[in-house]
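Chemist: Here it is: the structure, laid out below.
The values are calculated or read from the model by the stated rules, or taken from the named source; none is laboratory data. Since the structure is predicted, the reported quantities are computational estimates derived from the model, not experimental observations. Neighbour counts are summed over all protein chains in view; Cβ atoms, including those assigned to glycine, are modelled from backbone coordinates with ideal geometry. Quick note on the areas: whole protein, heavy atoms, side chains included, nothing else; ligands and nucleic acids left out. Shrake-Rupley method; radii C 1.70, N 1.55, O 1.52, S 1.80 Å.
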Amino acid sequence: MNLVHLLPVGKVDASLLQDLRTAIPECLPVVCEIFPVGLDPAPAYHAERQQYHSSELLQRMQVLVRPQDWRLLAVANVDLYIPILKYVFGEAQMAGPCAVLSAYRLHQEFYGLDRDDGLLRQRLLKESIHELGHTLDLRHCEDYRCVMASSHSVEWIDLRESTLCDSCRSQMESNIALAR
Ligand SMILES: [Zn+2]
Ligand SMILES: [Zn+2]
């Protein structure tokens, strides 16, 4: 069975990881485990932006990938960016083994709203499936309800389902067969 290893980056709420560990296999044909050690995000911090460069985190994850890890999904709670954008919710290696995402901008509190753990968990799950989709070479989908739709704000994430549209699903199934 394909193993998705969840890698905590810095301080991440353990219950959020446990939730993903249960929820991801309900959406994709994978098993999910939590990586025994975490990744320190500090070397990817850029003081001039007060943010963490997600591509640098992806790079540092490469040495952690072991033969039994089909996919390595890093879960952070810091503000991620790539140089051409103000921020990113996550980044993945296209057809690669690694992806990273952050809960930082998925919290309602970030937007000055009341804490909503249920909503946070849904958003994290959708982002996880989305980034794992990219690692299976899926591109952004035109269907705004599909989990592979692009999202520039949390409102767009909330519009998505946590599932793939029919077209993305069949593409993912054939890509999973190839990536085994
Ligand atoms: Zn994307
Ligand atoms: Zn789709």
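Chemist: Looking only at residues that are free of Cβ contacts under 8 Å to residues at least 40 places away in the same chain and in contact with a strand residue (DSSP E or B) (Cβ under 7 Å, 6 or more places away or on another chain) in the range 126-150, which one is nearest to W70 (Cα to Cα)?
Modeler: The extreme case among them is E127.
Chemist: Considering only the range 99-117, state which residues are hydrophobic (A, V, I, L, M, F, W, C) and open to solvent by less than 10 Å² (accessible area, probe 1.4 Å).
Modeler: Matches in the range 99-117: A99, V100, L101, A103, L106.
Every residue, every condition in (1) open to solvent by 30 Å² or more (accessible area, probe 1.4 Å); (2) within 16 Å of ligand 2 (Cβ to nearest atom), yes or no:
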| residue | (1), (2) |
| --- | --- |
| P97 | yes, no |
| L119 | yes, no |
| L124 | no, no |
| H140 | yes, yes |
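Chemist: Related question: Return the residue satisfying two criteria in turn: it lies in the range 142-154 and is within 11 Å of ligand 1 (Cβ to nearest atom) and farther than 23 Å from L178 by Cβ, and of such residues it is most open to solvent (accessible area, probe 1.4 Å).
Modeler: Applying the filter and picking the extreme gives H152.
Chemist: Which numbered condition trips up A47, out of (1) more than 26 Å from Q171 (Cβ to Cβ); (2) in contact with a strand residue (DSSP E or B) (Cβ under 9 Å, 6 or more places away or on another chain); (3) among the small types (G, A, S)?
Modeler: Result: A47 fails condition (2) only.
Chemist: Scan the range 153-175 residue by residue and report those that are farther than 30 Å from F110 by Cβ, of a type in the set (S, T, N, Q) and more than 8 Å from ligand 2 (Cβ to nearest atom).
Modeler: Correct list: S170, Q171, S174, N175.
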